[in-house]
1. Closer than 30 Å to Lys8 by Cβ, open to solvent by 70 Å² or more (accessible area, probe 1.4 Å) and either in contact (Cβ under 8 Å) with a residue 12 or more places away in the chain or touching a Lys or Arg at 6+ places or on another chain (Cβ under 9 Å) (or both): does that describe Arg156?
2. Out of all the residues in the range 321-342, which are open to solvent by less than 20 Å² (accessible area, probe 1.4 Å), at pLDDT 95 or above and of a type in the set (A, V, I, L, M, F, W, C)?
3. What pairs come up if the first residue lies in the range 76-93 and is over 18 Å from Lys58 (Cα atoms), the second is in a loop (DSSP other than H, G, I, E, B) and among the small types (Gly, Ala, Ser), and their beta carbons are under 8 Å apart, counting only those six or more places apart or on different chains?
4. Could you list, in sequence order, all residues of the range 216-248 that are outside any loop (DSSP other than H, G, I, E, B) and either open to solvent by 80 Å² or more (accessible area, probe 1.4 Å) or under 22 Å from Asn298 (Cβ atoms) (or both)?
5. Within the range 90-125, track down each residue that is more than 18 Å from Val23 (Cα to Cα) and either acidic (Asp, Glu) or open to solvent by 10 Å² or more (accessible area, probe 1.4 Å) (or both).
6. Among the residues of the range 267-277 satisfying the criterion of being free of Cβ contacts under 8 Å to residues at least 40 places away in the same chain and touching a helix residue (DSSP H, G or I) at 6+ places or on another chain (Cβ under 9 Å), which is most open to solvent (accessible area, probe 1.4 Å)?
7. Can Leu365 be described as open to solvent by less than 60 Å² (accessible area, probe 1.4 Å) and either more than 26 Å from Val178 (Cα to Cα) or modelled with pLDDT under 95 (or both)?
Amino acid sequence: MMNNIKKKAKDLITFFLSLIADVLSYCIPTKKSLVIFGGMNGKYYGDNSRYVFEKALKECPEFKCVWLTRNKQIVRELKTKGLPVYSVYSLLGIWTLFRANIGLYTNNLTDLSLHSSFSPRKLKLIALRHGRSVKRVRFAMNRPNFTKEEIRILKRETKMIKYAISTSDFISKVQEEVLKIGLDKHIVTGYPRNDVLFNPTDKMKKDWEDFLQGETYNKVILYGPTWRHGRNPTKFFPFEDLNLDDLNDLLKNKNSLILIRPHKNELNIKETKKFLDYIAYNYSNIKLATHIEFPSVNDLLPFCDAFICDYSALYHDFLLLDRPLIFIPYDYELFEKENGFLYDYFKYLPGPAVLNYIDFKKELLNVINNNDDYVERRRRLTNLIHEYKDGNSTSRVIELIYKIYRGEN
């Protein structure tokens, strides 16, 4: 009974906010040169949006670029840096949203607005996305389970999208299964966030040195499993025979470091956070590298010698570095049943799959000792996933902004 009341209340809120948005959109005139940016559910400053925003500010005087966020701290930080930013909850933020001609975002409409339904239909969106992984999500899931409210919001967003960027024709096709916006709207540009993999900035290098606090390592291995969307929380080092003391001793003896990168939502799960904090506190050569230390994980990737993952979109990005990967698909059967996969996971797997600590340790030693048997498999998948390997993806996205600005879309 109570759940039904809450559901109906949410539906009513969504309906009235969308109605108010339509009225405001009709009354407030569009400013052609105004381009707004947001990302990561409006909570962080990073991902593809950040890189396009900063380049557009420097190189595109025709545009008035503004970052919108739900995070007060981001507002303060960007203002301190002299960057144009407004809170989505402020009158200036709402005014800017409804005046804007073009919007770039990564996750969903909450990147740019106080509520997904409170968005002007006339806003022309460029969906930068936050990576395309092998797992099926959204409309492509084997068992999609959307509420009426969610479907209404997704339909609104879909109609506003002018372009969705991708990394290859292959990714465009599988991405269309996910977004259902029309294949012609998917444009191969590459991801702006991957440009720094080819050309790390001085700031990135300094942030990395500051993070290490003077320590140096022979090998740095990043461990970043995917977010499981509210199902059972991610299991880190999910081995029955796990021996963390042995693992840490191995890393110390080989002067190597494992960095754990949990999804930001994992840190909201009490037991997961407790376990990760325990590891970071008790084991010298296993550290956390969260969104706090590195808001944009791609700023971290160039300094990592290998990547441990499962189905995360991040391993597609990491392919551009042509470095070893280790996979821990411990719940593959569940993912295959609930989500499904956009392509044959094991057929294209560009690294070894491990399900116990003994095998994990063996593959970790292969990485540390530079034994790499997966070069050809990595490059085969890289060529399927990435059309461009040149560090110019941000420029190609900016050209899309110009196309909309010139009315060529």
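1. no
2. Matches in the range 321-342: Leu325, Ile326, Phe327, Ile328.
3. Cβ pairs passing all conditions: Val88/Gly38; Val88/Ser113.
4. The answer is Lys219, Val220, Ile221, Leu222, Tyr223, Asp245.
5. Selection gives Ser90, Asn107, Asn108, Thr110, Asp111.
6. This residue is Lys273.
7. Judged against the criteria, Leu365 is a match.
Yes/no matrix, rows are residues, columns are (1) within 28 Å of Gly42 (Cα to Cα); (2) at pLDDT 95 or above; (3) surrounded by fewer than 18 Cβ atoms within 10 Å (Cβ to Cβ):
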residue: Pro192; (1), (2), (3): yes, yes, no
residue: Thr201; (1), (2), (3): yes, no, yes
residue: Gly214; (1), (2), (3): no, no, yes
residue: Lys252; (1), (2), (3): no, yes, yes
residue: Asn265; (1), (2), (3): yes, no, yes
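The values are calculated or read from the model by the stated rules, or taken from the named source; none is laboratory data. These numbers come from a predicted model, not from an experiment. Every residue, glycine as well, gets a Cβ built from its backbone with ideal geometry; the counts of neighbours run over all protein chains shown. Please note that ligands, DNA and RNA were not included when accessible areas were found on the heavy atoms of the full protein model with its side chains. Shrake-Rupley method; radii C 1.70, N 1.55, O 1.52, S 1.80 Å.
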